[in-house]
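One structure below.
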Amino acid sequence: MLVGPQSMEPDDTLIARTLDGELAAFEQLVERHREIVFRVAARIVGTDDAEDISQDTFLRAFHRLDQYRGTASFRTWLLQIAQNTALNALAWARRRPTDTASEPPEMADRDPIRQPAMELERRERQQRLEFKLTALRPEYRSLLVLRDLEGLSYDEIAEVLEMPLGSVKGRLYRARGELIELLRNNTYDWELPA
C-alpha cells in the first residue's frame, strides 16, 4: 500500500488519473475499497465465492469507469456493482445443479487452550449468523448487510440498490423481522425472548 500524498488523494482524483491511463491510480482505488467490497460480497454469496465476486466487481468498475457520473460517492457506485454482481452470481448458482451441504461450514481446527472461550463463542455466533443470513431472500440479505453490518445510511442504500428511500426502510423492517424469526427458531444460539 502506498504511503504518502498519493494514498490520501480523493477518489475523484484517482478516477480522473485512471481515465487518463494511469493504472496505478486504479490500483489505489482497489486497495482503498477492497475490504468493504469483499465483506459485502462475502455476506451475500459466502466467503468461498467472495474473492471472485470482488475481482469481478473491480473489473466491471474499471471497464465502466467512464460511466461514473459522480452523483453518488465512488464507494456507493462500487457497492452497487458488487451488489448486482453478487446477486447475479446467486441467481446463476440457483439455475445450476449443486451438491452443497445445507450445514454451516466447519470452523478451522484451533487449539482451544490458546483461544479464549469468549472469542470462540463470538466467532461461532458470527458464523451461525452468516449461515442464517443465507436463508433470507437475497434482496433482504443485501439490505441487512449494507445497513446493519456495513453501516451504510438509508440514503446510500437507496442509491446502491436503486430503490426509493421508503422502500429501503420498509424492506429493511421486513428483513429484520424475517431474520428475527429465523433466529428465534434457534433460541439456544441467540437467547432471544419468545
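The values are calculated or read from the model by the stated rules, or taken from the named source; none is laboratory data. Since we're looking at a predicted model, the values are computed, not measured. Neighbour counts are summed over all protein chains in view; Cβ atoms, including those assigned to glycine, are modelled from backbone coordinates with ideal geometry.
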Report, ordered by the first and then the second residue, all pairs with beta carbons closer than 6 Å, sequence separation of six or more or different chains, a first member in the stretch 44-73 that is assigned by TED's automatic domain parsing to the domain that holds THR134, and a second member that is modelled with pLDDT under 90 and surrounded by fewer than 16 Cβ atoms within 10 Å (Cβ to Cβ).
none
Going through the stretch 63-93 in order, the residues found to be part of a helix (DSSP H, G or I) and over 14 Å from VAL37 (Cα atoms) are HIS63, ARG64, LEU65, ASP66, GLN67, ASN88, ALA89, LEU90, ALA91, TRP92, ALA93
Top-ranked residue of the stretch 142-181 - restricted to ones that are hydroxyl-bearing (Ser, Thr, Tyr) and more than 17 Å from the chain's Cα centre (by Cα), ranked as nearest to LEU87 (Cα to Cα)
SER167
State whether one or more residues within the stretch 120-133 are at pLDDT below 70 and of a type outside the set (D, E, K, R).
yes
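Determine which member of the set LEU165, LEU161, LEU87, LEU143 is at pLDDT 85 or above and assigned by TED's automatic domain parsing to the domain that holds ARG39.
Numbers: LEU165 fails: assigned by TED's automatic domain parsing to the domain that holds ARG39; LEU161 fails: assigned by TED's automatic domain parsing to the domain that holds ARG39; LEU143 fails: assigned by TED's automatic domain parsing to the domain that holds ARG39.
Result: LEU87 is the single residue among LEU165, LEU161, LEU87, LEU143 that is at pLDDT 85 or above and assigned by TED's automatic domain parsing to the domain that holds ARG39.
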ASP52 versus (1) part of a helix (DSSP H, G or I); (2) under 18 Å from SER153 (Cα atoms): which is the lone unmet condition?
(2)
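Does ASP52 count as surrounded by fewer than 13 Cβ atoms within 10 Å (Cβ to Cβ) and of a type in the set (D, E, K, R)? Before the answer, list the steps.
On the way: surrounded by fewer than 13 Cβ atoms within 10 Å (Cβ to Cβ): no; of a type in the set (D, E, K, R): yes.
When the stated conditions are applied, ASP52 does not pass them.
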Restricting attention to the stretch 60-83, and to residues there that are modelled with pLDDT of 90 or more and of a type in the set (A, V, I, L, M), which single residue is surrounded by the fewest Cβ atoms within 10 Å (Cβ to Cβ)?
LEU65
